[in-house]
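The values are calculated or read from the model by the stated rules, or taken from the named source; none is laboratory data. Predicted model only: the values in this text are computed from it and were never measured. A quick note on method: Cβ atoms are made from the backbone with ideal geometry, for glycine too, and the neighbour counts reach across all protein chains shown.
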Amino acid sequence: MPGLAELTYTTLGGVVGAAASGYLTRHHERRQLRAAVMQRLHAVVEVTAGVRDVELGRPPVSRTADGRRRLTDVLGVRAVLGDGTDAEHAQREAFAGLTVAALAAGVPRRVTDFAAGSCERTLECTVIALADRRVGGVLGDDAEELVRRADEYQRSAVGLLLHRLWHPWRARPVTRRRIRDLRVDVGVLDRHQQAAREVLTRTEHVERLSAGLERGPVAPSRTAEGGAA
């Protein structure tokens, strides 16, 4: 019959073994959850960067059924990826997967929203640049500058999500400050974006865009080839 010492060591060994097993299980689960977020995030960014061109879509409308004024709807175009897929539709599907994966991994919803929103803005800024090229460059250098600003904002927002994903405790104290900075950045970007939209959605430019798209493709530009990385 085992003595007290043997029972103590046996019990202690069982506790340590259970704790170690539980730790390894949780560690493995965290790695799986983080890997899922990385996969979904890659899908979102890949869609954003993969916009090849704009082509004729439904007739231009001033407002959609849900009350939003998506630029592609106002211009009567759709953004397409290299395989012809509708980029906005693909992006919405990618957003849904990212949101679920990020929440499961413990990333705050507002951090995920900023990252997703930055990709959405970058896609629209790419559409602005492509549409502007079609109507003869009425925005001048502002089109490329807008894409550059959107790229920088996207990198900052996605960077915050990655920081919270891989270093949650280290990122927690600075998250609020970084979100304040993102709000400032997106405010500046939004003003430039709205100004570009106002120019492109003028009746004469919408008509010129439609006419140009009916004539067929134009020579590719750096924006069309590289997308919004």
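Taking the criterion of being at pLDDT 90 or above, of a type in the set (Val, Ile, Thr) and in contact with a Ser or Thr (Cβ under 6 Å, 6 or more places away or on another chain), would at least one residue in the stretch 27-44 satisfy it? Checked the stretch 27-44: no residue is at pLDDT 90 or above, of a type in the set (Val, Ile, Thr) and in contact with a Ser or Thr (Cβ under 6 Å, 6 or more places away or on another chain).
Report yes if ALA171 is closer than 13 Å to ARG121 by Cα and crowded, with 16+ Cβ neighbours inside 10 Å, otherwise no. Criteria not met by ALA171.
In the set (1) in a loop (DSSP other than H, G, I, E, B); (2) in contact (Cβ under 8 Å) with a residue 24 or more places away in the chain, ARG133 fails one condition alone, (1). Based on this model, can you work out whether LEU56 counts as loosely packed, with under 15 Cβ neighbours inside 10 Å and modelled with pLDDT under 95? Here the answer is yes, as LEU56 does meet what is asked. Just one residue in the set THR85, THR126, THR72 is surrounded by fewer than 22 Cβ atoms within 10 Å (Cβ to Cβ), of a type in the set (S, T, N, Q), touching a residue at least 40 places away in the same chain (Cβ under 8 Å) and over 30 Å from PRO173 (Cβ atoms); that residue is THR72.
Of all the residues that make up the stretch 136-184, how many are of a type in the set (Gly, Ala, Ser), free of Cβ contacts under 8 Å to residues at least 12 places away in the same chain and under 30 Å from LEU56 (Cβ atoms)? I'd like the intermediate steps shown before the answer.
First, pick out the residues of the stretch 136-184 that are of a type in the set (Gly, Ala, Ser): 136-137, 140, 143, 150, 156-157, 159, 171.
Subsequent filtering for residues that are free of Cβ contacts under 8 Å to residues at least 12 places away in the same chain retains 137, 140, 159, 171.
Filter once more, so that each one left must be under 30 Å from LEU56 (Cβ atoms): 137, 140.
Looking only at that region, the number is 2.
Tell me yes or no: at least one residue of the stretch 139-151 is more than 25 Å from ARG52 (Cβ to Cβ), modelled with pLDDT of 95 or more, part of a helix (DSSP H, G or I) and of a type outside the set (Lys, Arg).
No, the stretch 139-151 contains no residue that is more than 25 Å from ARG52 (Cβ to Cβ), modelled with pLDDT of 95 or more, part of a helix (DSSP H, G or I) and of a type outside the set (Lys, Arg).
In the set (1) of a type in the set (S, T, N, Q); (2) surrounded by fewer than 24 Cβ atoms within 10 Å (Cβ to Cβ); (3) in contact (Cβ under 8 Å) with a residue 60 or more places away in the chain, SER118 fails one condition alone, (2).
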